[in-house]
Amino acid sequence: EHQLIRMPEGVTFEQAASLPVAYGTAHRMIVTHDTIRKGDKVLILGASGGVGTGCVLLSKLRGAEVIACASSADKINRLKALGADHPDTATGLNNLAELYHSQGKYAEAESHLRKALRLTEVTPERSFLEKKLREFEEQAS
């Protein structure tokens with residue numbers, strides 16, 4: 001019974017059936033596994049897609065500061081409208097990680113990359129993050 005969700009008035013069966021596909025994945029990652037808490041800074045790659053949008057909304061509801069990455073200006077504007085605190089492109093993500101790293105804030109840089117990896121599916125962006133994390137770890141040792 002804990003897995004049932006009442007359909008709100010005005011929602012069609014088709015709309016209700018599609019909700020768990022993307023939003024359910026985001027809900028499981030953030031709410032069920034309790035990965036995001038008030039005050040956390042969250043980095044979401046591919047934030048304009050279905051799962052990413054769910055992650056943005058749920059992270060904001062939990063009181064997190066959201067850094068949301070997308071591939072175009074239109075998508076970034078949409079993320080702003082959804083409440084993302086820092087919508088940016090993958091270039092912005094690289095700059096953020098490099099900034100923390102250059103300031104000697106290795107834990108912060110690593111933390112952002114690890115959170116991003118937890119919220120990112122297998123994509124070129126994930127490969128980029130994994131490579132960047134390995135570089136940071138090698139430099140720290």
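In this simple spin-label model, placing a label point 7 Å from the Cα along the Cα-to-Cβ direction at both Glu14 and Lys80 gives a separation of 3.3 nm. Distant-in-sequence amide contacts of Cys69, defined by a placed amide H-H separation under 5 Å and a gap of 5 or more residues or a different chain, comprise Ile44, Leu45, Gly46, Ala47, Asp88. When the alpha carbon gyration tensor of region 1-85 is reduced to an equivalent ellipsoid, its three semi-axes come out at 23, 17, 10 angstrom, largest first. Within the straight-line cut-off of under 26 Å between alpha carbons, the lysines reachable from Lys132 are Lys41, Lys75, Lys105, Lys115, sequence neighbours fewer than 8 places apart in one chain being disregarded.
Calculated FRET efficiency, Asp34 to Leu4, Cβ-Cβ distance, R0 = 22 Å: about 0.60 to the nearest 0.05.
Each value in this text was obtained by applying a stated rule to the coordinates, not by laboratory testing. Because the structure is a prediction, the values reported are computed rather than measured. All Cβ positions, glycine included, derive from the backbone under ideal geometry; neighbour counts span all protein chains shown.
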